[in-house]
Amino acid sequence: MKLISILFTLFSLSIMSYAQSDIPANMPPMKMLPKVGDAPKKIYELPSKLTYSLFDVNGKLVLEATGQFIDCSELDKGVYFIRYDDEVAQIEVE
């Protein structure tokens with residue numbers, strides 16, 4: 001019985017060491033987020049989940065999608081217009 005217990009323990013340790021060394025190599029790199037309060041406001045929230053179009057100040061279509069949140073972090077600084085349902089909203093990306 002002791003022999004089975006020792007073999008089981010060695011087998012378990014072997015599996016655990018393999019799992020601990022293998023997982024980090026396969027994981028994608030993580031991006032650290034800024035502390036709360038340090039992040040600029042780059043998310044625009046719509047009243048609900050709906051289809052919208054985002055235009056720059058020259059009227060060029062920048063983005064068309066469906067959702068409740070618009071991530072503006074990749075946009076250049078400036079004024080943009082969001083058209084959804086029968087509404088048009090103006091936002092400024094800083």
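If you filter the stretch 74-89 down to residues that are exposed (fewer than 11 other Cβ atoms within 10 Å of the Cβ) and modelled with pLDDT of 90 or more, you find that the one that is farthest from the chain's Cα centre (by Cα) is 77.
Any residue that is at pLDDT 60 or above and in a strand (DSSP E or B) - is there at least one of those in the stretch 19-42? Checked against the condition, which is being at pLDDT 60 or above and in a strand (DSSP E or B), the stretch 19-42 yields no hits at all. Filtered by the rule that a residue be closer than 12 Å to residue 91 by Cβ and under 20 Å from the mean Cα position of the chain (by Cα), the stretch 49-62 gives 52, 54, 62.
The values are calculated or read from the model by the stated rules, or taken from the named source; none is laboratory data. Remember, it's a predicted structure, so these values are computed and weren't measured experimentally. As a convention, Cβ positions derive from the backbone with ideal geometry for all residues, glycine included, and neighbour counts pool all protein chains shown.
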